[in-house]
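The values are calculated or read from the model by the stated rules, or taken from the named source; none is laboratory data. All values derive from a computational prediction rather than experimental measurement. Every residue, glycine among them, receives a Cβ derived from its backbone with ideal geometry; neighbour counts consider all protein chains shown.
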Amino acid sequence: MSNYHTKSVTELSAMLQAGEVSSVELTQYFLDRIKNNDDKLNSFITVCEEQALAQAAESDEKLKAGNAPLLTGVPIAHKDIFCTDGVKTSCASKMLDNFVSPYDATVVTNMRAAGVVMLGKTNMDEFAMGSSNETSFYGGVKNPWDTLTVPGGSSGGSAAAVAARLAPAATGTDTGGSIRQPAALCGLTGLKPTYGRVSRYGMIAFASSLDQAGTFTQTAEDSALMLNVMSGLDEKDSTSVDKEVPDYTTNLNQDLKGLKIGLPKEYFDEGLNADVAKVVEAAIAEYKKMGAEIVDISLPNSHLSVPAYYVIAPAECSSNLSRFDGVRFGYRCDDPKDLEDMYKRSRGEGFGEEVKRRIMIGAYVLSAGYYDAYYLKAQKIRRLISDDFKAAFEKVDVIMGPTAPDVAFKIGEKSDDPISMYLSDIYTIAVNLAGLPGMSVPAGFVNGLPVGLQITGNYFKESQLLNVAHQYQKNTDWHRAIPEDFS
Ligand code: GLN
């Protein structure tokens with residue numbers, strides 16, 4: 001019995017390169033796992049069986065020819081926020097239920113060029129707005145560790161799919177925590193790179209000054225391999241940065257002696273579940289054993305990050321989502337009376353409740369009478385938050401803390417209480433406001449549910465971040481755990 005699903009991307013890549021398995025065989029194996037298991041999770045919106053097998057066959061040719069790049073033939077899944085040529089790209093919204101993209105997002109193009117096979121498109125919160133995956137037009141996703149709980153969001157489908165090993169890895173996007181928080185809740189390694197490291201072209205926009213693509217993997221080593229392929233300047237995205245892409249795998253063997261780890265006191269306050277705190281403290285103790293030095297720090301404006309985010313993100317989303325008007329893309333209502341009726345009903349019927357809530361807040365905070373009081377003020381707070389990190393990084397190399405205040409919560413538990421839902425991202429949002437790179441790494445369990453350790457690095461220090469995560473994974477096994485029902 002083959003057990004390819006227990007292997008990391010790095011291991012699968014080695015097997016493909018050595019000819020121990022073919023990409024077609026591997027792709028079929030994961031397609032079968034999706035077929036046999038995804039009814040329990042709902043992690044995929046679209047499975048691309050035929051296309052995946054065709055891509056796999058092409059990759060096998062390249063592998064046979066020799067000198068194929070490392071990810072050649074590895075099957076992965078893409079969050080359904082990335083445009084994929086000829087394949088439905090829904091963003092989990094009724095608005096785009098009928099939308100087949102005419103082009104690939106740059107992330108998808110880059111993966112494809114590296115020989116990566118696309119298994120399908122994963123479920124998510126509608127337009128990436130949410131922390132539980134419950135706002136999807138296609139229904140919620142379940143957490144493989146306990147199917148009565150949420151996988152986190154918004155990239156919950158990618159997280160659940162990789163946690164259940166229906167795919168060896170997946171892409172995601174993180175605007176306020178949507179990679180790190182579901183990675184924590186599903187026991188995965190999640191990486192959100194520095195803003196600008198990865199092109200946003202073809203990634204359906206939510207809040208453009210915050211959105212960034214990244215990965216869900218089993219290990220930091222795998223994240224490095226994926227980041228190698230995803231990163232780089234893209235002339236189609238003016239915010240992508242012209243900075244050399246190092247080989248992120250070559251820095252993974254630096255010891256951590258003398259590494260300065262900052263622990264912000266604000267991340268260990270009364271909002272944090274006491275058992276989660278213990279797991280995080282144990283992880284930090286492990287770092288001390290590896291020779292790291294712990295420095296107490298403060299990020300004094302942390303408490304303002306959620307309020308500032310919930311002004312800035314809705315403001316940008318209200319502008320970005322104005323393009324969905326029933327004319328150019330996606331859903332159009334039946335029998336409109338006139339143009340205005342068509343706009344109103346197409347948007348009214350096509351968007352879900354959370355998306356409408358954000359659009360209304362956004363339009364409000366940008367309106368002439370309120371711009372200064374809300375939007376401008378939030379932008380000033382954003383600067384204060386970045387300055388807090390700047391000051392901290394003068395003293396420390398990385399910052400650690402919990403990724404989320406609690407483990408996975410029950411489906412439905414927070415769906416009628418947006419504020420409590422918004423607080424799920426209390427430790428992740430500031431990192432997006434500052435544009436810094438961040439990771440979540442599996443660090444243990446509370447009541448059988450995974451806990452994530454958040455590691456935040458300085459701008460473009462992904463190499464260091466990945467090494468810090470990798471050293472921990474060399475000494476621990478948390479990242480290897482697979483939920484029983486999917487082992
Ligand atoms: N949960 C946050 C929100 O609802 C972040 C979402 C994200 O990162 N895409 O906006």
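Candidates Ala408, Ala443, Ala392: the one that is part of a strand (DSSP E or B), modelled with pLDDT of 95 or more and away from the ligand (no atom under 13 Å from the Cβ) is Ala443.
Residue selection: Asp97 fails the criterion of being touching a helix residue (DSSP H, G or I) at 6+ places or on another chain (Cβ under 8 Å) and touching a residue at least 60 places away in the same chain (Cβ under 8 Å).
For segment 422-454, the set of residues classified as crowded, with 21+ Cβ neighbours inside 10 Å and farther than 24 Å from Ala283 by Cα consists of Leu433, Ala434, listed by residue number.
Among the candidates Leu166, Leu252, the residue that is within 29 Å of Asp296 (Cβ to Cβ) and either within 12 Å of the ligand (Cβ to nearest atom) or not hydroxyl-bearing (Ser, Thr, Tyr) (or both) is uniquely Leu252. Just so you know, in segment 411-435 the residues that are under 24 Å from Leu384 (Cα atoms) and aliphatic (A, V, I, L, M) include one that is nearest to the ligand (Cβ to nearest atom), and it is Ile429. Can you spot a residue in segment 453-466 that is touching a residue at least 24 places away in the same chain (Cβ under 8 Å) and under 30 Å from Arg357 (Cα atoms)? Yes - at least one qualifying residue is present in segment 453-466.
Of all residues in segment 94-132, those that are surrounded by 24 or more Cβ atoms within 10 Å (Cβ to Cβ), away from the ligand (no atom under 16 Å from the Cβ) and among the polar types (S, T, N, Q) total 1. Residue count for segment 32-80 satisfying the condition of being hydroxyl-bearing (Ser, Thr, Tyr) and over 20 Å from the mean Cα position of the chain (by Cα): 2.
For segment 293-326, filtered to residues that are aliphatic (A, V, I, L, M), crowded, with 18+ Cβ neighbours inside 10 Å and within 30 Å of Leu256 (Cβ to Cβ), the residue that is nearest to the ligand (Cβ to nearest atom) is Leu299. Taking the criterion of being within 16 Å of the ligand (Cβ to nearest atom), of a type in the set (Gly, Ala, Ser) and either in a loop (DSSP other than H, G, I, E, B) or free of Cβ contacts under 8 Å to residues at least 60 places away in the same chain (or both), the residues of segment 133-157 that qualify are Ser136, Gly140, Gly152, Gly153, Ser154, Ser155.
Close contacts from segment 320-343, counting a first residue that is under 20 Å from Lys88 (Cα atoms) and in contact (Cβ under 8 Å) with a residue 24 or more places away in the chain and a second that is assigned to a loop (DSSP other than H, G, I, E, B) and of a type in the set (Lys, Arg), with Cβ to Cβ under 7 Å and a gap of 6+ residues or different chains, come to Gly326/Arg332. Of the residues that make up segment 256-265, is at least one part of a helix (DSSP H, G or I) and in contact (Cβ under 8 Å) with a residue 12 or more places away in the chain? Yes, the conditions are met somewhere in segment 256-265.
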